[in-house]
Ligand code: ADP
Ligand code: MG
């Protein structure tokens, strides 16, 4: 990949940077700017080289134009972070008339063509600039127009954070012995394949969250009303290796709304499994402690609710204590930040789905264009 550092003396040139400013906004304020912070060095570098910078991002999953998903509050926050004026542009076709040196375009997903993979939109965006930079690692597993088709029409470079992500994650694609993966969360269908792939490369794969429910079901244990990916029982059973571990005890919510810790074998028809139990936590912690490096994605339970936090938070602390650690995923990073543990991790990826895809395949479609 060509680095943005290969670009210099950009006075009079316009650089379009695809960033990922899909951050957490609450009551019109950015409450978690991790992904914005990650893109700042690239933006600052380009500006120091004299470039006029146009930033393109998506935010949320709008179905067409919807002010709830406007990037306006994010433009305000960026202006504060950079201590400079950021022009916010709703109609990107007007950008060519603007003299502003730093511009953020409105949510690119307001244009339906962004996710449809449109050459026409790619050309329209390419017309706005002389150079393209991808600083949106977290979107680079998708074939969206602004990451996959746009680089066909402009000289294209990789942003500094994106390069760092790839550098770091490539060391995990073929991990050394002594590696352990902890996987959980709710997006079961996107992660099941990775369980199988990682089990071949890592000493252990430890399961929690919805993934663990699929595991328990595959070994014929009852899961009651728990979150599960339906129709996967046989597939999971076939893939189960001896180094894939699920919880032997769980925390459930009963139909009466009571929180009960019990062996996984004792889950009732009306129970919902919302966390891994204390014995499982201890077993996982022992394995993590002995590992040389640990990769973590996906909460162990419904950690947003008080009675079901232990699994996720104990694992978050155990992984933080590991000699080398990698974490990624929206809610995973939220859990780490809730405990203020981010600085204890070796690397926290800006990507969830993109990180998992990279770990699985060792490359991403949009990266091949750089
Ligand atoms: P990430 O964003 O870190 O990749 P996911 O998006 O896959 O993780 O899943 C995160 C969500 O999974 C969290 O909001 C959490 O509450 C939920 N979750 C974890 N375990 C369970 C469970 N047993 N039942 C229901 N939801 C769960
Ligand atoms: Mg998530």
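Quick notes on this structure:
- A single entry from 260, 250, 267, 294 fulfils the requirement of being without any contact (Cβ under 8 Å) to a residue 24 or more places away in the chain, surrounded by 14 or more Cβ atoms within 10 Å (Cβ to Cβ) and touching a strand residue (DSSP E or B) at 6+ places or on another chain (Cβ under 7 Å): 260.
- Candidates 273, 281 - the one that is outside any loop (DSSP other than H, G, I, E, B) and either more than 11 Å from ligand 1 (Cβ to nearest atom) or within 17 Å of the chain's Cα centre (by Cα) (or both): 281
- Residue match in segment 17-35 (condition: more than 26 Å from residue 370 (Cβ to Cβ), assigned to a loop (DSSP other than H, G, I, E, B) and in contact (Cβ under 8 Å) with a residue 12 or more places away in the chain): yes
- Listed by first and then second residue, the pairs linking a residue in segment 320-333 that is over 20 Å from residue 310 (Cβ atoms) to a residue that is part of a helix (DSSP H, G or I) and modelled with pLDDT of 95 or more, with Cβ atoms under 6 Å apart and 6 or more places separating them unless they lie on different chains, are 328/355.
- Contacts under 8 angstrom Cβ, first residue in segment 350-361 being over 11 Å from residue 190 (Cα atoms), partner within 10 Å of ligand 1 (Cβ to nearest atom), 6 or more apart: 350/328; 351/328; 355/297; 355/328; 355/329; 358/351
- Test for residue 176: is it outside any helix (DSSP H, G or I) and modelled with pLDDT under 95: yes
- Meets criteria (touching a strand residue (DSSP E or B) at 6+ places or on another chain (Cβ under 6 Å) and assigned to a helix (DSSP H, G or I)) for residue 53: no
- Where strands (runs of 3 or more DSSP E) fall entirely within segment 99-169, none has at least 1 residues that are more than 23 Å from the chain's Cα centre (by Cα) and at pLDDT below 95.
- Residues in segment 173-206 that are more than 16 Å from ligand 1 (Cβ to nearest atom) and within 12 Å of residue 294 (Cα to Cα): 175, 176, 177, 178, 179, 180, 202, 203, 204.
So that you can scan it fast, the table gives a plain yes or no per residue for (1) within 16 Å of ligand 2 (Cβ to nearest atom); (2) within 20 Å of residue 342 (Cα to Cα):
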residue: 272; (1), (2): no, no
residue: 275; (1), (2): no, no
residue: 284; (1), (2): no, no
residue: 291; (1), (2): no, yes
residue: 296; (1), (2): yes, yes
residue: 299; (1), (2): yes, yes
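- Residue match in segment 40-62 (condition: farther than 17 Å from residue 19 by Cα and either within 23 Å of the chain's Cα centre (by Cα) or modelled with pLDDT under 95 (or both)): yes
- For residue 334: the one exception among (1) within 12 Å of ligand 1 (Cβ to nearest atom); (2) more than 24 Å from residue 202 (Cα to Cα); (3) at pLDDT 95 or above; (4) in a helix (DSSP H, G or I): (3)
- You will find that of 301, 307, the residue that is farther than 20 Å from residue 173 by Cα and outside any loop (DSSP other than H, G, I, E, B) is 307 and no other.
- Within segment 54-72, the set of residues being out of contact with any helix residue (DSSP H, G or I) (no Cβ under 8 Å at 6 or more places or on another chain) and surrounded by fewer than 17 Cβ atoms within 10 Å (Cβ to Cβ) comprises 63, 67, 68, 72.
- Within segment 179-203, being outside any helix (DSSP H, G or I), more than 16 Å from ligand 2 (Cβ to nearest atom) and either surrounded by 22 or more Cβ atoms within 10 Å (Cβ to Cβ) or under 20 Å from the mean Cα position of the chain (by Cα) (or both) holds for 180, 181, 202.
- As a summary of the residue check, residue 288 satisfies the conditions (1) surrounded by 22 or more Cβ atoms within 10 Å (Cβ to Cβ); (2) assigned to a loop (DSSP other than H, G, I, E, B); (3) more than 9 Å from ligand 1 (Cβ to nearest atom) except for the one numbered (2).
- The conditions of being touching a strand residue (DSSP E or B) at 6+ places or on another chain (Cβ under 7 Å), surrounded by fewer than 22 Cβ atoms within 10 Å (Cβ to Cβ) and closer than 20 Å to residue 210 by Cα are not met by residue 329.
- Meets criteria (over 19 Å from residue 24 (Cα atoms) and either part of a loop (DSSP other than H, G, I, E, B) or without any contact (Cβ under 8 Å) to a residue 24 or more places away in the chain (or both)) for residue 68: no
The values are calculated or read from the model by the stated rules, or taken from the named source; none is laboratory data. All of these numbers come straight from a predicted model, not from anything done at the bench. Cβ atoms come from the backbone with ideal geometry, glycine included; neighbour counts cover every protein chain shown.
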